[in-house]
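Q: First the structure, which I've put down as C-alpha cells, then a few questions once you've had a look.
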C-alpha cells in the first residue's frame, strides 16, 4: 500500500500564469525603418518602459521592416488590448524621437494592421529566443550604428592643438 502525504498549500501572490506570446509587428507599407540602431533603441526602450503596466518582455529580433518579440501578457489584458497598447505607445515614441518619420507616415500610422502572434510556452521559449536572435542574419540585414558618440565627462582639448586664424 502506498502512503500519500498531504502537503499544505501556500497562496502564491501575484499572477503566476504563464502567458508568453511571440508577436510580430510590421511597419506600415513595409518601410525598412529598423536598419538604424537609434530606431531600434527607441522602440526597444519604449517596450521596456511598458513593463510598468505588468508586461514582461523577453528577446527582441529587429529585421529591417518588422520586429519579433516575446511578451508575457498580464491576465487583465487580452491579445487585442496588448497589441493596441504596444503599437500605439511605441509609434508615439518613434514620432517624438524621430520627427522625420512624419514625412514618411503623414497619418501617424507607424505600424501596419498586420498581426501575427503565437503562444510560446516555457518549453518553446528557448527555440523562440534562438530564432529571434538570428533575425538580422536570417534577413541579411546590416544595422547602421547612427547613435552619437558621447564624449567623456570633463574632456577638453589640449592647448595648442587647434589652429588659429591668421
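Q: Please tell me if residue 147 is modelled with pLDDT of 60 or more and outside any helix (DSSP H, G or I).
A: yes
A quick yes/no check of all residues on (1) over 21 Å from residue 127 (Cβ atoms); (2) surrounded by 19 or more Cβ atoms within 10 Å (Cβ to Cβ); (3) in contact (Cβ under 8 Å) with a residue 40 or more places away in the chain:
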| site | (1), (2), (3) |
| --- | --- |
| 22 | no, yes, yes |
| 26 | yes, no, yes |
| 29 | yes, no, yes |
| 35 | yes, no, yes |
| 39 | yes, yes, yes |
| 66 | no, yes, yes |
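Q: Looking at the range 105-124, I want the residues that are on the phi > 0 side of the Ramachandran plot and at pLDDT below 90 and have a partner that is loosely packed, with under 10 Cβ neighbours inside 10 Å and assigned to a strand (DSSP E or B) with Cβ atoms under 8 Å, at least 6 apart or on another chain. Which pairs are those?
A: Nothing qualifies.
Q: Which count do you get for residues in the range 61-84 that are in a helix (DSSP H, G or I) and under 13 Å from the mean Cα position of the chain (by Cα)?
A: Qualifying residue count, the range 61-84: 1.
Q: Are there any pairs, at least 6 apart or on different chains, whose C-beta atoms fall under 9 Å, with the first in the range 41-55 and without any contact (Cβ under 8 Å) to a residue 60 or more places away in the chain and on the phi > 0 side of the Ramachandran plot and the second assigned to a helix (DSSP H, G or I) and exposed (fewer than 12 other Cβ atoms within 10 Å of the Cβ), and if so, which?
A: Final answer for the pair search is none.
The values are calculated or read from the model by the stated rules, or taken from the named source; none is laboratory data. Since the model is a prediction, treat every value here as computed from it, not as a measurement. Methodologically, a virtual Cβ is constructed for each residue, glycine included, from the backbone with ideal geometry; neighbour enumeration extends over all protein chains shown.
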